[in-house]
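Below you'll find the structure, written out as structure tokens, and then a few comments.
Every read-out reported here was derived from the displayed coordinates using simple, explicitly stated rules and does not represent laboratory data. Because the structure is predicted, anything quoted here is derived from the model rather than measured. Ideal geometry is used to build each Cβ from the backbone, glycine not excepted, and the neighbour counts take in all protein chains shown.
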Amino acid sequence: MEFFIQQVVAGLTSGAIYACVALGLVMIFVSTDHINFAQGEMAMFATYIAWALIDAGVPYWIAFGSTILIAFVGGLLIQRFILKPLENAPVLALVVCFIALLSIFNAMAGMIWSYTIKPFPSPFPALDLTGHGLVNVRQLGVVGVTLIMLGILTVFFRYTTLGLAMRAAAQNASSARLMGVRVSWMLALGWGLAAAIGATAGMLVAPLVFLDPNMMTGILVYGFAAALVGGIANPAGAVLGGFIVGVLENLVGSYVIGNELKLTFALAMVVGVLLFKPAGLFGRVIVKRV
Amino acid sequence: MKLSRRHAVIGAATGLLARPALAQNKYGPGVTDTEIKIGQTMPYSGNASAYGVAGRAQSAYFRMINDQGGVNGRKINFISLDDGYSPPKTVELTRQLVERDQVLLMFYSLGTQTNTAVHKYMNQKKVPQLFVATGASKWSNPKQFPWTMGWSPNYHTEGAIFAKRILQTDPTAKIAILRQNDDMGGDYLDGVKEGLAPIWKNVVADVTYEVTDPTVDSQILQIRNSGATIFIDIATPKFAAQAIKKIAEIGWKPTHYLVSVAASVGAVMRPAGFENAQGIITAQYAKDVTDPGWAKSPDYIEWKAFMDKWNPTANQLEGSNVTGYAVAVNLVKLLKQCGIDLTGENVMRQAADMKDYDIPLLLPGIKVNTSPTNFSPIRSVQLARFDTDHWSLFGDLLSQDAHA
């Protein structure tokens, strides 16, 4: 029984990581209607910026805040300078562009900071709560921050004019434009916010998995799984999806199929959900006029 | 001056005639009076990019050799290409190096899967695939693959040596194994299995992870739950660091055997936290440059001077700087031994005839030795325990012959 609980808790922790990444994916999807393959690498790059700041002696929370700000501006600039010229390009061109961004960020991080793994500080102590390594404060911290981010996002998208305008811009650009929404800038804002969320996710993940340029490659796949299982257009669904993927993956891995097939299991979940409930377990079906 | 065609023909003819008379310089592809072309594939990007450090150290080393006049007056033209640790890319780049660039040999290309992908090709083309940077046991098979040679002690040997020690010191303890689910993990496991055969029933957990897993936390919990007191950790650097940290966090205190591929102080022990890494046991064949005990040895001083001058941006704590350097020194020594017969055939002939090479930064007592039937240049290791911030050697040199 203790083993079962341990695996569930370990699953919730990795689930929180997947959820963080999934949130960034959802953010971009909701605000631009695209899936950003470079989300993980952008997060990783931002985390390196935080690491460099901390390494230079900047206190943790100031580095944390400035990194989020830098990431926001960075995301905004990427949209303005790289994606804006492609606004009317077919979706395949965008996919190529996202994959290019992915390898550019990965290679740049390696070039600047080398590929050796680096320890990244966590604001939460690795303090054991139960006495036998079951739950520690750091794991709870990751879950907590993920939920807080989710709360902020939900409120932002549902109850603020700006959030509504962003959703409108993504879902029906021409109507939104007629309503006086500055669609192009909404997209840029979406990228900025997604980058900021990614940066937060990166800084939460790094203390658990160590910082290296490939930190996010494995995680991104699980993040996709989480987002798709939960519903790519629904932040709360994506977070729940993250926890579901994390916990199920551990339990199925430990008890049923063995560790070898964990990733396969996550991908099978994606296929299953897409087959039977394409909008995700918690997603609304989006009807589009074509 | 304008040369007429006739002059050129006469020139060529005398050249042809003159050659047998001189009969000395025999050149294979990639060699001229002034140059030796050497190829390499290295993961400068992608999953295994941490090992790319070795390629950079070697480029720096050959720059230094060239600056000092080269090998018997020939400059080394070292073409090291990034294969991102992806076998299809390795095939493409290796073919490019062999067929277009016409290298004399491939040197220290990194990775088990990547080298496997070009293993047959290199042997068909009869181009030396020298000192491949992987510890798989299949590289020392001179009968079937006479153009391929490994360098470091192989994983199988190391696994068997760990097992041997467990058998001697703790034959009743429960044992758990964590391993990467690939060739490397399998090779180590075979060695461990061989050594532990009499007490294999003591192995209570044999848990794998995939390189795509974000963490090995779940696996560590499974292992601890098995009740083992000995932990054999067959992981690559990132996962080894995660395991070390997680074990400390959950307060588990096993006897921890860590494979040498993940025993870098700078790339694993320091990130994992020195306080978490105390007492871990590994096997070494090269000097750990973080060990203050070596600070006065002449080979260390020479290496340090080389690194400071020729590779100043590298992190000197990374073990690949040491092995990369040592194997490059070995290659230059081998090329000198080849003299003026710089053909692929002679390179292999001489590579199979390295006698008691003294290579800097190998542990005292370890010499490079090969013969036409022995394609494993280094066959000995010594165990080391992590102490404060470096590895401390203990016990005797242990060699493959005694355990294979």
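Taking only the Cα atoms of the range A:1-118, how large is their convex hull per residue, in Å³?
Cα-based convex hull of the range A:1-118, divided per residue, equals 147 Å³.
Counting C-alpha atoms alone, how compact is the range B:277-404: give Rg to one decimal and Dmax as a whole number, in angstrom.
16.2, 51
For the range B:363-376, just list the computed ³J(HN,Hα) in residue order, Karplus coefficients 6.51, -1.76 and 1.60, θ = phi - 60°, integers in Hz, with x standing in for Gly and Pro.
Whole-Hz 3J(HN,Hα) from phi for the range B:363-376: 4, x, x, 8, 10, 8, 9, 9, 8, x, 10, 10, 9, 10.
Rg to Rh for the range B:347-404: what is it, with Cα atoms only and Rh by Kirkwood?
With Rh from the inverse mean 1/r over Cα pairs, Rg/Rh is 1.07.
Calculate the all-directions average of the projected area of the range B:225-274's alpha-carbon convex hull, and give it in nm².
Result: a mean projected hull area of 3.2 nm².
Please work out the Kirkwood hydrodynamic radius for the range A:2-276, using every pair of different C-alpha atoms, and report it in angstroms with one decimal place.
19.0
Gaussian network model of chain A, Cα springs within a sub-10 Å range: biggest mean-square fluctuation belongs to which of A:56, A:227, A:236?
A:56
Could you check what % of the DSSP bridge pairs in the protein assembly as shown are antiparallel, to the nearest 5?
Rounded to the nearest five, the antiparallel share is 35 percent.
Using the C-alpha gyration tensor of the range B:81-139, what are the square roots of 5 times its eigenvalues, in whole angstrom, with the largest one first?
The three semi-axes for the range B:81-139 are 16, 13, 10 Å.
Compute the acute angle (0 to 90°) between the alpha-carbon long axis of helix B:183-196 and the principal axis of greatest extent of the alpha-carbon atoms of chain B; round to the nearest 10°.
Relative to chain B, helix B:183-196 is tipped by roughly 60 degrees.
If I fit a long axis through the Cα atoms of helix B:320-338 and take the longest principal axis of the Cα atoms of chain B, what angle between them do I get, 0 to 90°, rounded to 10?
Once rounded, one gets 30 degrees.
Using the Kirkwood formula over every pair of different C-alpha atoms, what hydrodynamic radius in Å results for the protein assembly as shown?
27.4
Which value, in Å to one decimal place, does the Kirkwood hydrodynamic radius take for chain B when every pair of different Cα atoms is included?
About 22.3 Å, per the Kirkwood formula over Cα pairs.
What per residue convex hull volume, in Å³, do the alpha-carbon atoms of the range A:178-290 yield?
142
Take each uninterrupted DSSP H stretch in chain A, measure its Cα extent along the helix axis, and return the ones at 30 Å or beyond whose mean Kyte-Doolittle hydropathy is at least -1.0.
A:2-32, A:91-113, A:137-159, A:183-209
Arrange the peptides B:275-282, B:376-383 so that the one whose residues have, on average, the most other Cβ atoms within 10 Å appears first.
The most tightly packed comes first, giving B:376-383, B:275-282.
Along the positive direction of the dipole of chain B (beta-carbon charges: Lys, Arg +1; Asp, Glu -1; about the Cα centre), which of B:381, B:327, B:282 reaches farthest?
Most positive-ward Cα: B:327.
From the residues A:79, A:254, A:222, which one has its Cα farthest along the dipole of chain A in the positive direction, the dipole being from +1 and -1 charges on Cβ of Lys/Arg and Asp/Glu about the Cα centre?
Result: A:79.
Counting other Cβ atoms within 10 Å, which trypsin sites (Lys or Arg not before Pro) in the range B:278-358 have at most 14 and lie in a DSSP loop?
Within the range B:278-358, the qualifying trypsin sites (Lys or Arg not before Pro) (loop, at most 14 other Cβ atoms within 10 Å) are B:296, B:355.
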